[in-house]
Amino acid sequence: MEFNGLPLHALLVHVVIVFVPLAALVALLSGLWAPVRHRLGVLPPVLALLAVIVVPINVQAGEWLFARVVASEQVQQHAVLGRTLLPWSLALLVACSLHWWWHRRAVVADPAPRRRPGSLPRAVTAVVLAAAVVATALGSLVTVVRIGESGTAAVWRDTYSPEPIEAESPDHHRE
């Protein structure tokens, strides 16, 4: 899977590192701050859905690339970690969707609550859903950072010099 001679994974990774953290941060805002939640509306589950769409595409592109590079320990660790993001992204989508749906249905559509016998109090449900959103958002953020760090190490460790490298010949040009 290439685009213009570059591995597609190297390009798609940028989409993942934008959408997953963006979805997680918007979810955190929605889960923790009621006035913002009302303004964001359906945006948290929509962003989480976009993350769920781009993550497996990027993982597939990564698997394609993995079969074409020297499999160092760092590359293998990155591949293993890369497979852990989809479950977090799915969990974030479920948590955001339930949180949005519950607030839309239970709070906005029914401002005067009537507790049915045997049901949880509204406050308990709200706290449980907010906790699920926070946990899955933080899990997604930590996972994407760990994956990114391992991928960066796989690509750049032992190939980068903190000092400029002198040109080996007079016609050596840096771009």
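The values are calculated or read from the model by the stated rules, or taken from the named source; none is laboratory data. Source: prediction; values computed, not measured. All Cβ positions, glycine included, derive from the backbone under ideal geometry; neighbour counts span all protein chains shown.
Just checking, does segment 60-71 include any residue being in contact (Cβ under 8 Å) with a residue 24 or more places away in the chain and within 18 Å of Val94 (Cβ to Cβ)? No, that holds for no residue.
Residue count for segment 54-83 under the criterion of being surrounded by 14 or more Cβ atoms within 10 Å (Cβ to Cβ) and among the β-branched types (Val, Ile, Thr): the result is 5.
From the list Val26, Val54, Val42, Val75, the one residue that fits, being over 20 Å from Val127 (Cα atoms) and modelled with pLDDT of 95 or more, is Val54.
The listed residues are Val42, Val46, Val36, and the only one of them that is free of Cβ contacts under 8 Å to residues at least 24 places away in the same chain and touching a helix residue (DSSP H, G or I) at 6+ places or on another chain (Cβ under 8 Å) turns out to be Val36.
The requirement of being closer than 28 Å to Val155 by Cβ and either modelled with pLDDT of 95 or more or part of a loop (DSSP other than H, G, I, E, B) (or both) is fulfilled somewhere in segment 128-137, by at least one residue. Select from segment 85-127 the residues that are hydroxyl-bearing (Ser, Thr, Tyr) and farther than 25 Å from Ile53 by Cβ and write down the one among them that is modelled with the lowest pLDDT. Applying the filter and picking the extreme gives Ser119.
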